[in-house]
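For reference, the structure is listed below as structure tokens.
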Amino acid sequence: MDVVLRPINDRFFHEQVLPFFQRAMGDASGALELLASQLGDPQAFTLCQRLSMSAMPGGVGALDSDGWMDLVDRLVFQPWQEAPGGWEVGGAHGGYADEWDEALNLALMVEDPAYPYWDTKAARAVRDSFRLRPPGDQGLASLLAGQWDPFPEFPPDRVFVTQGRGEYAAKERFAFADWAWRPARTVAHWQVNLPRKLERLLAREQERMKLPALPERDEVLGYWSGKVAQPPPLSVLFSGLGPNAATWIRELGALTLHLRSAAQTRQGLAALVTRGTTVRL
């Protein structure tokens, strides 16, 4: 299983996508008709028309599943922009993809000071529990695990699923699914706090290894912050990953680059757990 992160147009998601999904839960035809009137994208417009013509009365369960998936993929994971003829898909933009367990491992290393990444068995138990019901206070890790914040006015696991994970507890204002998103303001907040969290991670490694200093600390931080193009060669193996430390540093650099890019362009982030080829991105 993989996880994919993509930047999303914050205004399009707030003004079009979220209201569309909310209405589609009970009135799919009406939601499709309204959405189509706002779109200048021929492919999405055609999908809305086809789905509406074949829809039975009711919510998303009355729609053709393949056509619905095609529409959801396009709405959530494409770079939308506003144009005179309505919202349309713009130029391609890069995304982040990694093995889900590894991406969650990296995010927890950054977000959770108590995460025992140096202990393979204990760390796996934390990740397994995290996926079953992701908490809402672990930043990027919570997004990768599918937790929703802000709380949606519709059950996201009814929009689509890939692994069958999901919960929608209205009284608790808690929801998670195989996909989730964060608004641009949250992404910007993460980026502001990221340097402190990365420094904290390296400080834990230094303490764990009982070293007076980490020789490559500044170079590693420079790479993670985008100030250095390549990670440094390591003279000291980080205790958490041993001989895989170089891979860990490079992969975390790729993840922080994606977060930084989304924050700099004032975009939100959408995350999706895939089966590899099930969802077309």
Subject >> Degrees, to the nearest 10: 120-132 long Cα axis against longest axis of the chain >> reply: 20
Original post:
For residue 120 and residue 163, what is the calculated FRET efficiency with R₀ set at 25 Å and r taken between the beta-carbons, to the nearest 0.05?
Top reply: 0.60
Original post:
Contour minus end-to-end for residue 65 and residue 254, with contour as 0.36 nm per residue of separation and end-to-end as the Cα-Cα distance?
Top reply: 64.7 nm
Original post:
Say R0 is 35 Å: what FRET efficiency, to the nearest 0.05, do residue 208 and residue 133 get from their beta-carbon distance?
Top reply: 0.75
Subject >> Qualifying trypsin sites (Lys or Arg not before Pro) in the stretch 157-231, DSSP loop, other Cβ atoms within 10 Å at most 12 >> reply: 171, 173, 210, 227
**OP:** Go ahead and estimate [θ] at 222 nm for the chain from helices alone: -39,500 (n - 2.57) per DSSP H run with n ≥ 4, summed, over the residue count, rounded to 500.
**Re:** -14500 deg cm²/dmol
Original post:
Size of the dipole of the chain about the Cα centre, Lys and Arg at +1 and Asp and Glu at -1 on the beta carbon, nothing else charged, in debye to 20?
Top reply: 580
Original post:
Which FRET efficiency, nearest 0.05, do residue 33 and residue 172 yield, Cβ-Cβ r, R0 35 Å?
Top reply: 0.55
**OP:** Write down the accessible area per residue of the chain in Å², having rolled a 1.4 Å probe over the full set of protein chains.
**Re:** 46
**OP:** Starting at the first residue of the stretch 249-261, write each ³J(HN,Hα) from the Karplus equation 6.51 cos²θ - 1.76 cosθ + 1.60 with θ = phi - 60°, in whole Hz, x for Gly and Pro.
**Re:** 5, 5, 5, 5, x, 5, 5, 5, 4, 5, 4, 4, 5
Original post:
Cα axis of helix 65-77 to longest principal axis of the chain: angle in degrees, 0 to 90, nearest 10?
Top reply: 50
Subject >> Amide proton proximity set for residue 165, modelled H, under 5 Å, gap of 5+ >> reply: 178
Original post:
Across the stretch 9-154, how large is the tail of the calculated P(r) beyond 23 Å, expressed as a percent of all Cα pairs?
Top reply: 50
Subject >> Convex hull of the chain built on C-alpha atoms - directionally averaged projected area, nm² >> reply: 15.2
Subject >> Kirkwood hydrodynamic radius (C-alpha pairs) into Stokes-Einstein, the stretch 150-191, 25 °C and 0.890 mPa s, D in µm²/s >> reply: 218
**OP:** Note down the magnitude of the dipole of the stretch 11-89 about its Cα centre, charges +1 on Lys and Arg C-beta and -1 on Asp and Glu C-beta and zero elsewhere, to the nearest 20 debye.
**Re:** 120
Original post:
Helix 184-209 versus the longest principal axis of the chain: what is the Cα-based angle in degrees, 0 to 90, to the nearest 10?
Top reply: 30
Original post:
Dipole of the stretch 98-226, Cα-centred, from +1 at each Lys and Arg C-beta and -1 at each Asp and Glu C-beta, to the nearest 20 debye?
Top reply: 320
**OP:** Above 17 angstrom, tally the Cα pairs of the stretch 11-89 and express them as a % of all pairs, no decimals.
**Re:** 36
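The values are calculated or read from the model by the stated rules, or taken from the named source; none is laboratory data. It should be emphasised that the depicted structure is a prediction, and the values quoted were computed from it without experimental measurement. Positions of Cβ are backbone-derived with ideal geometry, glycine not excepted, and every protein chain shown enters the neighbour counts. The accessibility values were calculated without ligands, DNA or RNA, using every heavy atom of the protein model including side chains. Shrake-Rupley method; radii C 1.70, N 1.55, O 1.52, S 1.80 Å.
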